[in-house]
Amino acid sequence: MPNPAHAYASCDRITLTGVAAVGFHGALDFEKREGQPFIVDTVLYTDFTQAAATDDLAQTTNYAEVAEIIRTHILGGVPRSD
C-alpha cells in the first residue's frame with residue numbers, strides 16, 4: 001500500500017493542535033443534552049511558494065480562520081457566541 005505522506009512531501013505544512021469547543025452531539029442522550037468537550041488536532045498541507053516569493057499574506061492560509069471553521073463543526077454548525 002502506498003504511503004499517503006509521500007503525496008505531501010513537497011508541500012508546506014501548518015499544524016493546529018488543541019482546537020477545543022463543547023459540542024452537543026454523540027450517541028447517548030446526555031451527550032446531546034449536556035455537551036462534551038471535543039479537542040481537534042489537524043495538519044494542513046499547502047503551497048506557500050507564491051506567498052514566500054511576494055511576502056503577500058493574502059497568499060497564505062489564515063490558520064485563525066481554519067480554527068474557527070473547526071470550532072463551528074464541533075458546535076454542530078452553530079457559530080460561537082462568545
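Where a number appears in this text, it was derived from the coordinates with a stated rule and is not lab data. Just so you know, these numbers come straight off a predicted model, no measurement behind them. Counting neighbours? That spans all protein chains shown, and the Cβs are built from the backbone with ideal geometry, glycine included.
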**Asked** Between Asp12 and Glu31, how many nm apart are label points set 7 Å from Cα along the C-beta direction?
**Response** 3.7 nm
**Prompt:** Which ordering of Leu75, Leu28 is given by a fewest-first count of other beta-carbon atoms within 10 Å?
**Reply:** Leu28, Leu75
**Request:** Quick one: which residues, 5+ away or cross-chain, put their amide H under 5 Å from the amide H of Val19? H built at 1.01 Å from N.
**Result:** Val40
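Could you line up Ile70, Ile39, Ile14 from fewest to most neighbouring Cβ atoms inside 10 Å? If you can, show how the numbers build up before the last one.
On the way: Ile70 18, Ile39 10, Ile14 15.
So the residues, fewest neighbours to most, are Ile39, Ile14, Ile70.
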